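First the structure, in the form of structure tokens, and then the observations on it.
Quick note: the coordinates plus some simple rules give every number you see, no bench work behind them. Fair warning: this is a prediction, and the values are worked out from it, not measured in the lab. So basically every Cβ, Gly included, is an ideal-geometry build from the backbone, and we count neighbours across all protein chains shown.
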Amino acid sequence: MELSKNYLPAAAEEKWYQHWMDKGYFSSKPDHRQPFTIVIPPPNVTGVLHMGHTLNETVQDILVRRARMSGFNACWVPGSDHASIATEAKVVDMLKKEKGIDKSQLTREDFLKHAYEWKDKYGGIIYHQVKKLGCSCDWDRVTFTMDDHYYEAVIKVFTDLYAKGLIYRGARMINWDPKAKTALSDEEVEYKDLQGKLYHVKYAVVDKNDTPTGEFITIATQRPETIMGDTAICVNPEDERYAHLANHFAIVPLVNRKVPVIFDTYVDKEFGTGALKVTPAHDINDYNLGLKHNLEVVDTLNDDGTLSAAAEVFVGEDRFVARKKVVAALQELGLLEKEQEYTTRLGYSQRNPDTVIEPRISTQWFVKMAELAKPALDAVVSGDVQIHPGDRFLATYKYWMENVKDWCISRQLWWGQRIPAYYAPDGTFEVATSAALALAQFKANTPDCTWQLSDLKQDEDCLDTWFSSWLWPMEVFKGISNPDNEDINYYYPTSVLVTGQDIIFFWVARMIMAGMEYKHEKPFSDVYFTGMVRDKQGRKMSKSLGNSPDLLELIDRFGADAVRFGIMISSPAGNDLLFDDASCDQGRSFANKIWNALKLVKMWEGRQADQTAATDNFAIQWFESRLNEVEIQLAELFRDFRLSEGLKTIYSLIWDDFCSWYLEWVKPGFEQPVDKAVYQQTVAFFERLMQLLHPYMPFVTEEIYQQLQPRTAGDDLIVKQYAPSGTPHHTTLVEGALAKEVITSIRDARNKHQIKPKDPIVLHIETKHENAFKQIESMLAKQVNASAIAYTQVPVPGCINLVVQKDKFYLETATVLDTAAQKAELLKDLEYQQGFLLSVEKKLGNERFVQNAKPEVVEAERRKKADAEAKINMITESLKSL
């Protein structure tokens, strides 16, 4: 079959993905082999994959494919997350725009039908993208966090933790998202430093008999719209300015409420005016002060962020509109003393990034975290769970876990697992997996209970999305809903978790907590954190900036292999990466380079002849050693999760060593046959290279593997097992490196002196190690077009002189030589070597360096010094001969 000019990715991708699927290579069932298990961090069913997902999925596929080729029973479970807040917001917006329907017009059941339609549409898009990327997921195991068995597992865990006293219901100050109209956990709030204003407001003072004193107390506030909820003014008891205000009161502007002046050391005398307005309903610190001093709580905000009737003024106005109106009203009353620029930190909703969070007292459901956190902390600190790169993220993990707070898990939404609490008409409740069980519990706890099933009302709230996803490594194998089944016993704990560093506590820590609680075992052995994908200007990729490319469009332009290459080549472990689609173009060029190598080798296929044994061929000996060396390096890099370095190592091996050097060294002369043994060994090398590259670039490697020679059924690269690596031969590697350097230097010298490639030279070598060149002599002569190679111990006059490592080379040619140009080149090289020697001597002359550096590092510098001195001597001698 005639091969195309360039590699055509689209046809190969469609053909091989379908072939792999048809063969069942992605499917996994428990057997005698050791499992290698990865569960995909489930993307939200709110849209399409972004570049962060692309990186994450590519890393997982690389690990899974290499494990599959290493004899493991590889199982990669795909799935998606229902994403309560984000998906509900999308569905609400869709209903308004497309159907003119408000959520409040629908029943819960009708709304959920629309949500499931959304999930089916966008879940399908996500899985299509994952397949286009070449991900070898077990598609028979697709899991969704609202699947029936998963829903059952979440409810089961809730009721269990409640029974253990680890879940409770209570009124607490929580974070409120006015746009989504739901509570958030502390971890779902993102803080930004902003330039704001401090408003200095005057409060009239009255005594205990309500008599005005004529005095004002000034407070500084960032949020004048909350003034109407003030229930005290607080000052420091050690602040002499306010000592006389004991048993006095202040009048809250605009609403004329009389509130006490209280004293507490919480107030910083030096901040602002040293007086603090206390608004227990709208600030966590004020709330705590209110509890301590038994203050009234006046909630002046509705759930959508507008002012409530309790505010008395500007009722129904948005909080930020109300702020402006309150400031204007205070100015008109002469109660606004001044405005002051002020740098502040504001909390924003992670799910609605444009929405400022409101602290709000609300009755919610909470998980007690301290008891659950301890085993999860110990698992990581002890090394039972390894974090990569650990030097960066271990401290972050420890900080979170040692300072853990109770987790608010209830959300005022319909899309999600509904809280299994059932309320009786008198307000009491029972937690149970069904209404019938709840009724049975009511009757068991209250013998004279007369309530019927129809009297019970289930809690309207649903659970935080993370409360379902923390069960992911277990419930994808039905380890909660069907404990002790064959899958959970075989695949759990999973092998590696690949995820983003931004959810180290949201998800990673909580999965470890759940695993230790319900399986008494870690959920995974290793956690590999990918970096954040940024554009070439260093900005985080986002839809709002419009700087995140469309994955499918990238694949259409460059091919899936090239996209995988592009994102991995610029992805150091754990560090942010600057993504530029030029790296995808580099990946496409790499695929074409390999394709052209295939075309060259296939040209030799029909022109083979028996000549010499391949074992006598230096190029084969050298590349065998080089390949063995890289296979050992790759095993170490994969063990340390240095996947980007692994790709760079393979890239250099294929592009430089194989294509640029090996194929040139074994290439037969014009219209000459290739040695049959050399051809067969070259094909074997090519297959091994494709095997090493396959996890990174699966499509082009499978295509080339199949083209190299006829295959029997089932002989597919995706399942070709790695054979044990041989041992690299050090001397051969040194000789090969020397050959490359000598050939390059001689070719450069020929070019500089305008000696045409077809014009032969006689090469004289002055060396103390003649044997080093005997192995490569014939190859060297062919590569530099030398009609003869001779050895000498004295300078050869009338030649081009050059120094490579510790040897001198004289190029004898029929061309009249320009000795002035030669001299200039040698002087330039001499100047470089003298400068290099000076820098090494300076380092070795540094006592601190010699004392503190590792002995092998110091020894390496000493070898550099000796090499530089030898080269300087040889260059000096060459200059004399000129």
With the crude spin-label approximation of a point 7 Å out along Cα→Cβ, what separation in nm comes out for residue 744 versus residue 109? 7.5
At R0 = 45 Å the Cβ-Cβ FRET efficiency linking residue 304 and residue 575, nearest 0.05, sits at 0.65
For segment 528-658, what does the alpha-carbon gyration tensor say about shape, rounded, prolate or oblate, given a ≥ b ≥ c as the root eigenvalues, a/c under 1.5 as rounded, and a/b over b/c as prolate? oblate
Loop-only check: which chymotrypsin sites (Phe, Trp or Tyr not before Pro) in segment 627-715 are DSSP coil with at most 14 other Cβ within 10 angstrom? 670
Please label the shape of segment 741-881 as rounded, prolate or oblate, based on the square roots a ≥ b ≥ c of the eigenvalues of the alpha-carbon gyration tensor (a/c under 1.5 means rounded; beyond that, a/b larger than b/c means prolate, else oblate). prolate
Given a cut-off of under 8 Å on Cα pairs at least six residues apart, what relative contact order in percent is computed for segment 142-268? 17
In what order do 278, 762 fall by count of nearby beta-carbon atoms within 10 Å, going from fewest to most? 762, 278
Which ordering of 354, 580 is given by a fewest-first count of other beta-carbon atoms within 10 Å? 354, 580
Taking neighbour counts of Cβ atoms within 10 Å as a proxy for exposure, in what order, fewest first, do 682, 731, 143 appear? 731, 143, 682
Tell me, what is the percent relative contact order of segment 182-359, built from C-alpha pairs under 8 Å that lie six or more residues apart? 29
Taking 8 Å as the Cα distance limit and 6 or more residues as the minimum spacing, I'd like the relative contact order of segment 579-675 as a percentage. 44
Given the rule -39500 (n - 2.57) for each run of at least 4 DSSP H residues, summed and divided by the residues of the chain, what is its mean residue ellipticity at 222 nm, to the nearest 500 deg cm²/dmol? -13500 deg cm²/dmol
Cα Rg over Rh - the chain, Kirkwood: 1.10
Counting only DSSP beta bridges with both partners in the chain, the antiparallel fraction in percent, to the nearest 5, comes to 70
